[in-house]
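The structure under discussion appears below in the form of structure tokens.
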Protein chains: 2
Amino acid sequence: MASTPLFRRIDVAPAYQKVADAIEREIINGRIKPGEPIGTEQQLVEQFGVNRSTVREGIRVLEEGGLIRRDSSRRLQACLPRYNKLATRLSRALILHEVTFRELFETSMTLEVASVEGAVERATNENISELADNLARSAEVVEKPAALAELDAEFHVLMAKASQNRVLQLAREPAAQLFFPTTEMIVGGVAEGGARLVEAHRHLLDAIRRRDKAAGVLWTRRHLQDWRRGFEKIASLDRSVEHTYMEHAYAARQ
Amino acid sequence: MASTPLFRRIDVAPAYQKVADAIEREIINGRIKPGEPIGTEQQLVEQFGVNRSTVREGIRVLEEGGLIRRDSSRRLQACLPRYNKLATRLSRALILHEVTFRELFETSMTLEVASVEGAVERATNENISELADNLARSAEVVEKPAALAELDAEFHVLMAKASQNRVLQLAREPAAQLFFPTTEMIVGGVAEGGARLVEAHRHLLDAIRRRDKAAGVLWTRRHLQDWRRGFEKIASLDRSVEHTYMEHAYAARQ
DNA sequence: AATCTAGCTTTGTCGGACAAACCGATAAGA
DNA sequence: TCTTATCGGTTTGTCCGACAAAGCTAGATT
């Protein structure tokens, strides 16, 4: 057993980290609200009593974490971390861990089903009209794999949004970012692929309109199974989401 | 339609960002493998032809992103981003977006069910013995809410691990980090709360052993419904995961 | 051979400097 | 009068040089 400690553990965190932590605390605690300015670098230098280089290193940490950003004039302000940016990091992590498409597929199935269930229960009229708008645009590009794939990804984002569950929105994002870019390859490689995709979306939207959960789940399953069948024609589910594919998705995002 | 551009979009990214991007590319592409050294700051200064301050800012970006870390002697090396670290960031984002416990509960229900289904299908003997070990330790501290809550969180992490699905492991982590800290409050506030929790874990482990998916799902549902009932005794599901709670969870993690 | 010590390296921090971009306000032009 | 040009004053991005502390290395000592 440890004897009662005589001294507190002394803090050896480097200064830039302390700067970052201090600012982070203020934002997390709500003392600095999203959108409010943090102050100039010079002001931070004076407040913390450290060098500007040190302040700048701390700022980089927070900037990368999405807690602060620079507005149009490059001044610092607090902000709400965007799911999307963080999800990109996570997707990258998944790549490096060499996850397989099977893992991606299984998890996406779970999350998309949950997503549609939520949407059926709680979609607002605005959500529905966004989905309808997406569907209309999809129907127009049914023969263009690249455009259709992009709209497909958007459709599923909109459905997650319609679920009114932000935790779910966040949870599905990393997998979706890796999952949906393959849609283009699949739609392009399967006869009637585009038509089947739009058809599935149409039934999904219909299910949401009619508040028919069973139909929503059914068509989500079919939709993803279609993806899976298409995918297995061009690659193995058990291959890892490779670096090569990563480069592809990566270049497209830039 | 846009006319064919005469000039390429000129690159205005600041130097530290380019440094970060360049190193990131090497890691993502696998030219630098996790564990391999990046080189000293001085070497990077020479290679990139920029000042050390600039290099250091770039390094901070990557460090925060989890792509590089400093080993025991503070030398830079590439590394696999830890889910846990990234998930912490996501949890923080969820807090700032003021998500409610209802959203957290709903999503966790989905993910934990998926998790147990995977575990029933694919748990290895090692997974099972880890779970058994956790269960044994839990039984010993059934009357100590803090210790039991920690073991509960670990149990669910182990179950996700047993699912052999790393995407799922990652997806459930952010919600779990916010969800499970409340267990302590709940177990402490409900008579027989600890006993019910251990009982549920026992049935879950048993279901995994017998490869009985229905039982696994059933007991996961019961387990989480227990949490929900306990939670509703002390707070409303529709209140946001507040800053005050955040501070609590935050302080405990440090 | 094991240990100690001195020197070299590397990181974390500091101070100061300067060009470029940005802001605000004033002056010049239609 | 409304727009445009100009001109300081700020602020950021980058650079240079410096130094203490901690780690590493290799020779010196026991």
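The values are calculated or read from the model by the stated rules, or taken from the named source; none is laboratory data. None of the values given here were measured: they were computed from a predicted structure. Backbone-built Cβ (ideal geometry, glycine too); neighbour counts: all protein chains shown. Surface accessibility is based on the protein's heavy atoms, side chains included, excluding ligands, DNA and RNA. Shrake-Rupley method; radii C 1.70, N 1.55, O 1.52, S 1.80 Å.
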* To do: Look through A:Glu117, A:Glu112 and report the one residue that is open to solvent by less than 50 Å² (accessible area, probe 1.4 Å), assigned to a helix (DSSP H, G or I) and in contact (Cβ under 8 Å) with a residue 12 or more places away in the chain.
  => A:Glu112
* Of the conditions (1) in the same structural domain as B:Ser236 (by TED's automatic domain parsing); (2) not in a loop (DSSP other than H, G, I, E, B), B:Ala22 clears all except one; give me its number. => (1)
* To do: Look through segment B:72-88, keep the residues that are over 18 Å from B:Ile28 (Cα atoms) and at pLDDT below 85, and return whichever of them is nearest to DNA strand D (Cβ to nearest atom).
  => B:Ser73
* To do: Go through segment B:42-59 residue by residue and tally those that are near DNA strand D (Cβ under 7 Å from one of its atoms) and in contact (Cβ under 8 Å) with a residue 40 or more places away in the chain.
  => 1
* Taking segment B:154-179, which residues are open to solvent by less than 30 Å² (accessible area, probe 1.4 Å) and within 18 Å of B:Trp219 (Cβ to Cβ)? -> B:Phe155, B:His156, B:Leu158, B:Met159, B:Ala160, B:Ala162, B:Ser163, B:Arg172, B:Ala176, B:Phe179
* Name the single residue, out of those in segment A:33-75 being over 13 Å from A:Ile23 (Cα atoms) and open to solvent by 90 Å² or more (accessible area, probe 1.4 Å), that is nearest to DNA strand C (Cβ to nearest atom). => A:Asn51
* Whichever residue in segment B:96-107 is at the interface with chain A (Cβ under 7 Å from one of its Cβ atoms) and assigned to a helix (DSSP H, G or I) and, among such residues, is most open to solvent (accessible area, probe 1.4 Å) -> B:Glu106
* To do: Tell me which of these B:Glu150 doesn't satisfy, since it passes every other one: (1) surrounded by 17 or more Cβ atoms within 10 Å (Cβ to Cβ); (2) modelled with pLDDT of 95 or more.
  => (2)
* Select, from A:Gly216, A:Gly193, the only residue that is open to solvent by less than 30 Å² (accessible area, probe 1.4 Å), assigned by TED's automatic domain parsing to the domain that holds A:Gly118, at pLDDT 95 or above and over 30 Å from B:Leu96 (Cα atoms). => A:Gly216
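When segment B:222-241 is examined, which residues are found to be within 21 Å of the chain's Cα centre (by Cα) and either modelled with pLDDT of 90 or more or loosely packed, with under 13 Cβ neighbours inside 10 Å (or both)?
Of everything in segment B:222-241, those that are within 21 Å of the chain's Cα centre (by Cα) and either modelled with pLDDT of 90 or more or loosely packed, with under 13 Cβ neighbours inside 10 Å (or both) turn out to be B:His223, B:Leu224, B:Trp227.
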* **Which numbered condition B:Asn29 misses (of (1) under 21 Å from A:Pro14 (Cβ atoms); (2) open to solvent by 30 Å² or more (accessible area, probe 1.4 Å); (3) facing chain A (nearest Cβ under 9 Å))** => (1)
* All positions within segment A:66-93 that are facing chain B (nearest Cβ under 9 Å) and farther than 17 Å from A:Glu36 by Cα -> A:Tyr83, A:Leu86, A:Ala87, A:Arg89, A:Leu90, A:Arg92, A:Ala93
* **Sole exception among (1) out of contact with any Pro (no Cβ under 6 Å at 6 or more places or on another chain); (2) part of a helix (DSSP H, G or I) for B:Ala191, by number** => (2)
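Please tell me if B:Leu90 is under 17 Å from the mean Cα position of the chain (by Cα), assigned to a helix (DSSP H, G or I) and of a type in the set (A, V, I, L, M, F, W, C).
Against the criterion (under 17 Å from the mean Cα position of the chain (by Cα), assigned to a helix (DSSP H, G or I) and of a type in the set (A, V, I, L, M, F, W, C)), B:Leu90 qualifies.
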